[in-house]
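Structure record follows, encoded as C-alpha cells.
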Amino acid sequence: MSTHLSLFRQPLRFVPGPRSRDRRTDRLRYGSHRPSGSLLPTVEEIVEVGRLLRVAEELAQTGGQAPGSDGIRYDDLARDQLARILRDVTECVLDGSYRPGPTRRVPIPKSKGGRRYLSLPNVIDRIVGRSLHDAMTPYWESVFSSRSHGFRPNKSAGTLLEMLRKEARDRGRRIIVIDDIRRAFDEVDTIAVVEAHWEHIPDDNLIHLIESIVRGHTRRTRGIDQGAAYSPTAMNVVLEATHDRRITTASRLLYRYADNVAYLVRSPTEGYEAHAKASELLSRVGLRLKGTSHENAFDLRTGATATMLGLDIRLRRAELEFRTADQAWTDLETAITESTLREDPPETASAVVQGWIQSQRLALETWTDTDAERIARICAQHGIDAYIETICAWIKASRPRPRTIRAQ
C-alpha cells in the first residue's frame, strides 16, 4: 500500500438514526445503482481520475490557495505526482475506505466583533469535495424549492429580494419576519444531514461518499466544515427536507438565502406563528433561530425598517424599497482591511469592492455620487488607490435593468 493511499484508507460505517433504520428495508430493492433516467451521478463518475485532474486544475486557477492541515498547496504537486495520488484516492473511495484528512481552522474576524472559523480541507480532499459538488448540482437543482436562493446556480441575494418585493406587491402583504439560523454550520446534526440525503439517493455507495465528506475526519455527529465545497449544498439539502418544504403555506411565504430566512405573512399573529413553527422545525436537526418572534416581526405599514442581506427594507408608496444598511458599510470596510493582508492587495480589494457593489444592486437606485466617494475614501484609508470614475462605472454596470431579475 502506498504512503498516499494509507492516508485516505480508513474503515467506515454509517451509524443510522431511527428514521434511517426504518427506511433500510425499502432501500434493499434499489441496491447500489443509478435509477433509469436519473440525474444522479455514480461514484465511479465522481472520482474518475481524469475528472479529478480537471477539477484540480480549475481549483488551482480559481480556488483559495491556502493549504490545509498538511501544509500542501496546489503548486506543490507536479501533475504526474497529483495523478498518482488521485488514483490512490479513487481506489479508496471505490472500496469504501476513503476518509478526509483533518482540516485546518482559520479564524475570520466578524464585523460586529468576535470571530468565525473556516475549516480548510487538505488540497486532495478539496478536489474530491468539489467534484462531488459539481456532479450533484444538476440533481439537487431538480429537487430544491424555488424559494431558496443561497449557493445555487442563477440565484442570489438579488433574486431573493426581487421575489420578496414582487410577491409583497402582488399579494398586498406588508408584514415580514426576518431572522438568521444561529451557527448553522457549527451546530447542525450531521446524522440528520445524511438522512436527508437518503430521502433522495438510493445508491448506498454514493451515500457512503457523501457521509464520509459531511462527517469528516473525526466522524463528528454535529457540525459540517464551513469552507468545504459540498457543505453549502449539504446545508441546503437538510434545510429543504426539514424546513423549506414544511414552512411554506398559502398564508406564509418563505424566502431563504443559506441561513438567512424571511417569511411574508398577512398579520402580526401569523408572523409570530411562522417564527414559532420555524423554531420547532429547526430544533429537529439541532438548529435554532437567533431572535424571538416579537423582535424579528416587522409591520412595514407602521414605518418599521427590516434588514436582510445587507439591505434595509422599507415601504415607500406601497412598494418595498431597498437601501444600503449601515452594517453593510462596516462589512465593506472589514473586507477591504482583510484584502490588505493578501498577496496582491489592490487586485483583491478591487474584487471585494465590485462584489460588494453587486450585492447592493437593488439599493443602487437610491445611491448618489457621495456613495461612490465614500467607497473611494474607505479604500484610501487602507492604502488602496480607487478612482471615482472606475467605481462609478462598476455602479452603473451593476444597476438592475428592467426585468433582468425575475422570481423563479
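Non-local amide H neighbours of residue 116 (under 5 Å, H modeled in plane, Pro and chain starts lacking H): which ones?
108, 110
Through the Karplus equation 6.51 cos²θ - 1.76 cosθ + 1.60, θ set to phi - 60°, convert the phi angles of region 123-130 into ³J(HN,Hα) values in whole Hz; use x for Gly and Pro.
Calculated HN-Hα couplings, in order: 3, 5, 5, 5, 5, 5, x, 5 Hz.
For the chain, what number of Lys pairs, 8 or more residues apart or on separate chains, have alpha-carbon atoms under 28 Å from each other?
Lysine pair count for the chain: 12.
Given a 1.4 Å probe and heavy atoms of the protein chains only, how would you sort 144, 298, largest accessible area at the top? Don't skip to the answer; put the middle values down first.
On the way: 144 20, 298 45 Å².
Heavy-atom accessible area, descending, gives 298, 144.
If I model a spin label at residue 334 and residue 142 as a point 7 Å from the Cα along the Cα→Cβ vector, what separation in nanometres do I get?
Result for the modelled spin labels: 4.0 nm.
According to the Cα gyration tensor, what semi-axes, each the square root of 5 times an eigenvalue, does the equivalent ellipsoid of region 319-408 have, listed from largest to smallest in whole Å?
Values: eigenvalues 116, 35, 32 Å².
Values for region 319-408, descending: 24, 13, 13 Å.
Show me the trypsin sites (Lys or Arg not before Pro) within region 300-408 that DSSP assigns to loop and that have at most 10 other Cβ atoms within 10 Å of their Cβ. Working shown, then result.
Details: sites: 301, 314, 316, 317, 323, 342, 361, 374, 377, 396, 403, 406; in loops: 317, 342, 403, 406.
Passing both the DSSP loop test and the Cβ count: 317, 403, 406.
Which residue, 88, 179, 170, has the most motion in a Gaussian network model of the chain that connects Cα atoms within less than 10 Å?
170
DSSP loop (so not H, G, I, E, B), at most 12 other Cβ within 10 Å: list which chymotrypsin sites (Phe, Trp or Tyr not before Pro) in region 318-399 pass both filters. Walk me through the intermediate numbers first.
Details: sites: 322, 329, 356, 367, 387, 394; in loops: 367, 387.
Sites meeting the loop and neighbour criteria: 387.
Given bins 5 angstrom wide, list per bin the percent of all Cα-Cα distances in region 137-220, short to long.
Answer for region 137-220: a P(r) of 3, 10, 15, 18, 18, 14, 10, 6, 4, 1, 0 percent.
Kindly provide the pair-distance distribution of region 182-287 built from C-alpha pairs, with 10 Å bins from 0 and whole-percent values in order of increasing distance.
14, 45, 28, 11, 2
Kindly sort 312, 186 by accessible area of their heavy atoms, largest first, with the probe set to 1.4 Å.
On the way: 312 25, 186 70 Å².
Highest to lowest solvent-accessible surface, that is 186, 312.
Any chance you could tell me what percent of the C-alpha pair distances in the chain go past 34 Å?
So the pairs more than 34 Å apart make up 37 percent of the total in the chain.
Suppose the chain between residue 347 and residue 108 were pulled fully straight at 0.36 nm per residue; how much longer would it get relative to their current alpha carbon spacing?
Details: separation 239, 0.36 × 239 = 86.04 nm, distance 2.00 nm.
84.0 nm is the gain from fully extending residue 347 to residue 108.
Please report, in debye to the nearest 20, how large the charge dipole of region 225-316 is about its Cα centre when each Lys and Arg carries +1 at its beta carbon and each Asp and Glu carries -1 there. Provide the component values of the computation, followed by the final result.
Working: 12 positive and 10 negative charges, 47 e Å.
Dipole of region 225-316, to the nearest 20 debye: 220 debye.
HN-Hα J couplings of region 166-183 from phi, Karplus 6.51/-1.76/1.60, θ = phi - 60°, integer Hz, Gly and Pro as x?
Each residue of region 166-183 in turn: 5, 6, 4, 6, 5, 9, x, 9, 10, 10, 9, 10, 10, 7, 10, 7, 6, 6 Hz.
About the Cα centre of region 65-154, what is the dipole size in debye to 20, counting +1 per Lys and Arg Cβ and -1 per Asp and Glu Cβ, all else neutral? Spell out each step's value before the answer.
Values: 15 positive and 10 negative charges, 152 e Å.
Roughly 720 debye for region 65-154.
Return the long-range amide H neighbours of residue 308 (sequence gap of 5 or more, or a different chain), with a cut-off of under 5 Å between placed amide H atoms.
Amide H neighbours of residue 308: 313.
Note down, for region 69-202, the three equivalent ellipsoid semi-axes (square root of 5 times each alpha carbon gyration tensor eigenvalue), biggest first, whole angstrom. Walk me through the numbers before you get to the answer.
Values: eigenvalues 259, 87, 48 Å².
Calculated on Cα positions only, the semi-axes equal 36, 21, 16 Å.
Assuming R0 = 56 Å, can you tell me the calculated FRET efficiency for the pair residue 304 and residue 97, based on Cβ-Cβ distance, to the nearest 0.05? Write out the running numbers ahead of the final one.
Values: r = 56 Å, r/R0 = 1.00.
Plugging the Cβ-Cβ distance into 1/(1 + (r/R0)^6) gives 0.50.
Would you rank 294, 133, 275 by solvent-accessible area, highest first, keeping every protein chain in place and using a 1.4 Å probe? Please report the intermediate quantities before stating the final value.
Numbers: 294 130, 133 50, 275 10 Å².
Putting 294, 133, 275 in descending order of accessible area: 294, 133, 275.
In nanometres, what is the gap between the two model label sites at residue 381 and residue 70, each 7 Å from Cα along Cα-to-Cβ?
The two pseudo-label positions are separated by 4.3 nm.
Alpha carbon centre of region 305-380 versus region 248-271: separation in Å?
26
Compute the acute angle (0 to 90°) between the alpha-carbon long axis of helix 345-359 and the principal axis of greatest extent of the alpha-carbon atoms of the chain; round to the nearest 10°.
70
Taking the Cβ-Cβ separation of residue 117 and residue 250 as r and a Förster radius of 41 Å, what is the calculated FRET efficiency to the nearest 0.05? Please list the in-between numbers first.
On the way: r = 40 Å, r/R0 = 0.99.
It comes to 0.50.
The values are calculated or read from the model by the stated rules, or taken from the named source; none is laboratory data. All values reported here derive from a predicted model rather than from experimental measurement. Backbone-built Cβ (ideal geometry, glycine too); neighbour counts: all protein chains shown. Accessible surface areas use protein heavy atoms only, side chains included; no ligands, DNA or RNA. Shrake-Rupley method; radii C 1.70, N 1.55, O 1.52, S 1.80 Å.
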